[in-house]
Amino acid sequence: MSESHEWEEVHLTSDGWIEGSCKLDFGGLKEKPCPADRFLTVRREVRWGKYGAPSSISSDESIIYCDANRDSVILMLLKHGKPGFSV
(Lines give C-alpha, C1' and ligand atoms only; values in the text may rest on other atoms or scores of the structure.)
Protein backbone atom coordinates (compact mmCIF):
# COMPACT_ATOMS: atom_id res chain seq x y z
CA MET A 1 0.00 0.00 0.00
CA SER A 2 1.29 3.44 -0.89
CA GLU A 3 2.02 6.03 1.76
CA SER A 4 1.79 8.87 -0.76
CA HIS A 5 -0.43 9.47 -3.77
CA GLU A 6 -0.20 12.83 -5.53
CA TRP A 7 -1.50 13.89 -8.92
CA GLU A 8 -1.44 16.90 -11.22
CA GLU A 9 -3.24 17.84 -14.43
CA VAL A 10 -1.91 20.07 -17.21
CA HIS A 11 -3.85 21.39 -20.20
CA LEU A 12 -2.53 21.95 -23.71
CA THR A 13 -3.92 25.16 -25.23
CA SER A 14 -2.92 27.26 -28.22
CA ASP A 15 -0.77 29.33 -25.79
CA GLY A 16 1.02 26.25 -24.45
CA TRP A 17 0.76 24.06 -21.36
CA ILE A 18 -1.27 25.48 -18.47
CA GLU A 19 -1.39 24.14 -14.91
CA GLY A 20 -4.62 22.52 -13.88
CA SER A 21 -5.94 20.94 -10.70
CA CYS A 22 -3.65 19.00 -8.40
CA LYS A 23 -3.69 16.99 -5.19
CA LEU A 24 -0.63 17.13 -2.98
CA ASP A 25 -0.26 15.11 0.21
CA PHE A 26 0.56 18.11 2.36
CA GLY A 27 -1.09 20.79 0.24
CA GLY A 28 -4.52 19.26 -0.20
CA LEU A 29 -6.66 19.51 -3.31
CA LYS A 30 -6.28 22.62 -5.46
CA GLU A 31 -8.95 22.84 -8.11
CA LYS A 32 -8.55 25.05 -11.15
CA PRO A 33 -11.08 25.39 -13.96
CA CYS A 34 -10.20 23.86 -17.31
CA PRO A 35 -9.41 26.38 -20.05
CA ALA A 36 -12.17 26.57 -22.65
CA ASP A 37 -9.66 26.33 -25.50
CA ARG A 38 -7.83 23.18 -24.34
CA PHE A 39 -6.85 20.57 -26.88
CA LEU A 40 -5.70 17.96 -24.41
CA THR A 41 -5.50 17.30 -20.66
CA VAL A 42 -2.84 15.01 -19.21
CA ARG A 43 -2.75 13.73 -15.64
CA ARG A 44 0.38 12.52 -13.86
CA GLU A 45 0.01 10.38 -10.74
CA VAL A 46 2.93 9.63 -8.44
CA ARG A 47 2.96 7.06 -5.64
CA TRP A 48 5.73 6.13 -3.27
CA GLY A 49 6.15 4.05 -0.16
CA LYS A 50 6.76 5.09 3.40
CA TYR A 51 10.50 5.65 3.15
CA GLY A 52 10.62 6.95 -0.44
CA ALA A 53 13.08 4.31 -1.58
CA PRO A 54 13.61 4.44 -5.37
CA SER A 55 12.16 0.95 -5.71
CA SER A 56 8.88 2.12 -4.12
CA ILE A 57 8.28 5.08 -6.46
CA SER A 58 5.95 4.78 -9.43
CA SER A 59 4.46 7.34 -11.77
CA ASP A 60 1.92 7.18 -14.58
CA GLU A 61 0.82 9.74 -17.13
CA SER A 62 -2.51 9.42 -18.91
CA ILE A 63 -4.62 11.46 -21.28
CA ILE A 64 -7.86 12.20 -19.50
CA TYR A 65 -9.42 14.60 -22.01
CA CYS A 66 -9.11 15.17 -25.72
CA ASP A 67 -11.75 17.00 -27.69
CA ALA A 68 -9.78 18.08 -30.71
CA ASN A 69 -8.97 16.38 -33.96
CA ARG A 70 -5.74 14.43 -34.13
CA ASP A 71 -4.00 16.87 -36.48
CA SER A 72 -4.68 19.85 -34.20
CA VAL A 73 -3.29 17.99 -31.19
CA ILE A 74 -0.17 16.94 -33.12
CA LEU A 75 0.44 20.53 -34.28
CA MET A 76 0.11 21.86 -30.72
CA LEU A 77 2.45 19.15 -29.38
CA LEU A 78 5.03 20.00 -32.05
CA LYS A 79 4.75 23.69 -31.17
CA HIS A 80 4.75 23.38 -27.35
CA GLY A 81 6.46 20.06 -26.65
CA LYS A 82 5.80 17.60 -23.86
CA PRO A 83 3.95 18.59 -20.70
CA GLY A 84 5.87 19.64 -17.61
CA PHE A 85 4.81 18.52 -14.16
CA SER A 86 5.59 19.62 -10.61
CA VAL A 87 4.89 16.23 -9.01
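Within this structure, residue 40 passes the test of being modelled with pLDDT of 90 or more, surrounded by 12 or more Cβ atoms within 10 Å (Cβ to Cβ), of a type in the set (A, V, I, L, M, F, W, C) and more than 10 Å from the chain's Cα centre (by Cα). The conditions of being basic (Lys, Arg) and either surrounded by 12 or more Cβ atoms within 10 Å (Cβ to Cβ) or touching a residue at least 40 places away in the same chain (Cβ under 8 Å) (or both) are not met by residue 82.
Within region 15-41, the residues that satisfy the criterion of being farther than 18 Å from residue 64 by Cα and part of a loop (DSSP other than H, G, I, E, B) are 15, 25, 26, 27. Mind listing just one residue for me: the one in region 1-14 that is more than 13 Å from residue 68 (Cβ to Cβ) and in a loop (DSSP other than H, G, I, E, B) and, of those, modelled with the highest pLDDT? By that ranking, first place goes to 3.
Residues being surrounded by 15 or more Cβ atoms within 10 Å (Cβ to Cβ) and either more than 17 Å from the chain's Cα centre (by Cα) or of a type in the set (Gly, Ala, Ser) (or both) are represented in region 51-71 by at least one member.
Residue pairs whose Cβ atoms lie under 7 Å apart, sitting 6 or more positions apart in sequence or on different chains, and linking a residue in region 52-77 that is farther than 16 Å from residue 11 by Cα to a partner that is at pLDDT below 90, are 56/48; 56/49; 57/48; 58/47.
Within region 31-48, residues that are under 10 Å from residue 6 (Cα atoms) have Cβ atoms under 6 Å from residues that are at pLDDT 95 or above and charged (D, E, K, R) in these pairs: 44/8, counting only partners at least 6 apart in sequence or on another chain.
The values are calculated or read from the model by the stated rules, or taken from the named source; none is laboratory data. What you see is a predicted model, and the numbers here were worked out from it, not measured in a lab. Cβ sites come from the backbone with ideal geometry, for glycine too, and all protein chains shown count toward neighbours.
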